[in-house]
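Contents: one structure, followed by commentary.
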Amino acid sequence: MSVILIAEDEEAMLEIFAQVVEDLGHRALRASNGEEALLLARTEPPDLVVSDHMMPRRTGMELLRTLRADARLKTVPFLLLSAARPSGLEEADVFLAKPVELETFEQAVETVLRSRPAPEARQEAMPAGGRAERSSGTVREEMLNWVAHEIKTPLSSARLNAQMLLRKQGERSPPVDEQKCTETILRQLDRMNTLVTSILDAARLSEGKLALRMAPGDFKAFLQELVQDWRELQPQVDFTLKTEESRVELSFDAERVRYILNNLLSNAVKYGGESRRVEVSLSLSPGLAVVQVRDWGVGIAASELPNVFERFHRAEVAGGHGHGLGLYIAGALARLHGGSLSVHSTLGQGSTFSLRLPLSGSVRAL
């Protein structure tokens, strides 16, 4: 049995994380702020620290750097949770974005405990208490992080509790209606989380504050994995991947490109009509990797096409509409990569969205 210190200022989140840890067979130490967590760690060195970032009296990053500066505690693994992406998050052993999936959290805890890193493997930490001057841009970013924390923390608590409820329902065979209600709650919480994330991303893009985390990789393998995820998520839809390339190397931000393609695939499923067919293709043109997502659904009217990538624009199509941010963010992320996103569509015949990314991996500002 391991001792796991949990630092979280929201009582509901603290209790649900502690319950999950204890259900895994470990002992949980509870701290409601960063200073209390530091005191507990120094009193009883834990085997793992799980900490929120935005807490009173010491943030998660400040707690992490203080522990790294302590000879007795510098090797204790640190799992950082946050609705925002705080500067320096790579210093943590694991970072999980809120709202976090129940199984993802459980797996992260067990994985970290099984593979505690050696002291020499750690990078030198920034001295505790060091603070840079705060520009107006930094203040705006801190405000966005605060909004993310204040909205996504209760979302995360609600999702984790709903997932725990769904798991317990699976153990006792509840009435079908009861389980359906729980699943509906989870779906609506996911929709709310997507909307909040989109609003925050749109704000950061308009401020020029959204930074990419570029890394080289095989884009074909990335695309194959993504399409397979959608096959499992939507088994009633026929997803095909067409390419003649054996390997496509480029530098890209996997998380952000996944957002772009998930948005295109989601729209293809939603507006694909009765064909239930989505085709993804990967090809090369001079200096570019080109991904096309095609459906044979309702299509987009010619009058709507010039505006589909504008912020808050909602095309009038059958089957409902979104919040008007998905394609705006997708297009902006494509440009941030130095690429582009375009669409060709005929009303009643379907749509083809084309994502172009530079093979060189050069990045161009918005």
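With a simple spin-label model that places each label point 7 Å from the Cα along the Cα-to-Cβ direction, the separation between R247 and L359 comes to 1.4 nm. Ligands, DNA and RNA excluded, the heavy atoms of R30 present near 80 Å² of accessible surface to a 1.4 Å solvent probe.
Take the Cα of S283, step 7 Å toward its Cβ, do the same at R311, and the gap between the two points is 3.5 nm.
I'd like the distance separating the alpha-carbon centroids of the stretch 335-353 and the stretch 224-288, in whole Å. Centre-to-centre (Cα) distance: 13 Å. For the stretch 43-60, putting each phi into the Karplus relation 6.51 cos²θ - 1.76 cosθ + 1.60 with θ = phi - 60° gives couplings of 6, 9, x, x, 8, 7, 10, 10, 9, 6, 8, 7, 10, x, 6, 3, 6, x Hz, in residue order, rounded to whole numbers and with x for Gly and Pro.
For the residue pairs K98/K168; K74/K98; K242/K270; K168/K220, the alpha carbons lie more than 31 Å apart in K168/K220. Taking amide hydrogens as placed 1.01 Å from N in the peptide plane, the amide H of V50 sits under 5 Å from those of L5, I6, A7, L79, each at least 5 positions away in sequence or on another chain.
The overall shape of the stretch 1-119 is rounded: from the C-alpha gyration tensor, with semi-axes ordered a ≥ b ≥ c, the ratio a/c is less than 1.5. For the residues D23, D238, D218, a 1.4 Å probe over the protein chains yields an accessible-area ranking, largest first, of D23, D238, D218.
The values are calculated or read from the model by the stated rules, or taken from the named source; none is laboratory data. If you're wondering where the values come from, they're calculated on a predicted model, not measured in any experiment. FYI the Cβ positions are ideal-geometry reconstructions off the backbone, even for glycines, and counts take in every protein chain you see. Quick note on the areas: whole protein, heavy atoms, side chains included, nothing else; ligands and nucleic acids left out. Shrake-Rupley method; radii C 1.70, N 1.55, O 1.52, S 1.80 Å.
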